1. Tell me which of 88, 22, 165 sits at the most positive position along the dipole axis of segment 5-190, charges placed on C-beta atoms (Lys, Arg +1; Asp, Glu -1).
2. At most 10 other Cβ atoms within 10 Å and a DSSP loop assignment: could you name the GluC sites (Glu not before Pro) in segment 26-84 that fit?
3. Among 80, 150, 119, determine the one that fluctuates most according to a GNM of the chain built with springs between C-alpha atoms less than 10 Å apart.
4. Which trypsin sites (Lys or Arg not before Pro) does segment 62-167 hold that lie in a coil by DSSP with at most 11 other beta carbons within 10 Å?
5. About its Cα centre, how strong a charge dipole does the chain have in debye, to the nearest 20, once Lys and Arg get +1 and Asp and Glu get -1 at the Cβ?
6. I need to check one value: relative contact order of the chain, counting alpha carbon pairs closer than 8 Å and at least 6 residues apart, in percent.
7. So which residue, out of 170, 18, 29, gets the largest mean-square fluctuation from a GNM of the chain using Cα contacts under 10 Å as springs?
8. What are the ³J(HN,Hα) couplings of segment 122-133, residue after residue, when phi is run through the Karplus curve with 6.51, -1.76, 1.60 and θ = phi - 60°? Round to Hz, x for glycine and proline.
Amino acid sequence: MLVTSKNFKVSLRVLTVDDADSIAEHANDYDVVYNIAELGSFPFPYKRSDALQFIDAATRALINGTEFHYGIVIKETDELVGIAGIKNIDYKNRKCEIGYWVGKKFWGNGYAKEAISLLLGVAFSSLGMNRVYATVFTFNERSLKVLESLSFVKEGVMRHSVFHVDKFVDDIMLSLLKSEYKPAEKIEIFSEE
């Protein structure tokens, strides 16, 4: 599967074992791990074997329709720069959670915003979701700004939601409803033949 938009710099594509080295390289950065997950739930140091396990689990989840994880790739070079995914899918209530990360050397290029926009196309159009949500650590201001720039609404703060490094930290819950979703670009989703 390929998810793209004509004027975007990045696309989303299904992961393959060939992506293991790139995933391991970009995920093996303390600043990336620190901002996306409670330490211990995301391997650090992150090795090629961790990437291979993730790719295997992501492939099985994709086949089962339980989760959808994609590589964020620069269209011009096909270089993988991060991961974007849809998880905690509740088909009955038509809601899901998104998550994403971009390698540190690629921060500030708008790749996360474009990847999230593409994910929203999958969630609302292909999966028929009504609500998409994300959680962000209160100190992760960059991610918070990206979500808010895409019209996500801050619903509240989950106090001491996660034990992170050596203390409890708060999570911000944000969401976007299908009725609020206004894609800036036409999102195209191509299935593998």
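1. After comparing all options, I get 88.
2. 76
3. 150
4. Values: sites: 75, 87, 92, 94, 95, 104, 105, 113, 131, 142, 145, 154, 159, 167; in loops: 75, 92, 94.
Loop-located and lightly packed - 92.
5. Numbers: 23 positive and 27 negative charges, 134 e Å.
Result for the chain is approximately 640 debye, rounded to the nearest 20.
6. Numbers: 350 pairs, mean separation 44.8, N = 193.
Relative CO of the chain lands at 23 percent.
7. Fluctuation is largest for 18.
8. Per-residue couplings from phi come out as 5, 4, 7, 8, 6, 8, x, 6, 9, 9, 10, 10 Hz.
None of the figures in this text is laboratory data; all of them are computed from the coordinates on show. No experiment lies behind these values; they were computed from the predicted model shown. Cβ: placed from backbone, ideal geometry, glycine included. Neighbour counts: every protein chain shown.
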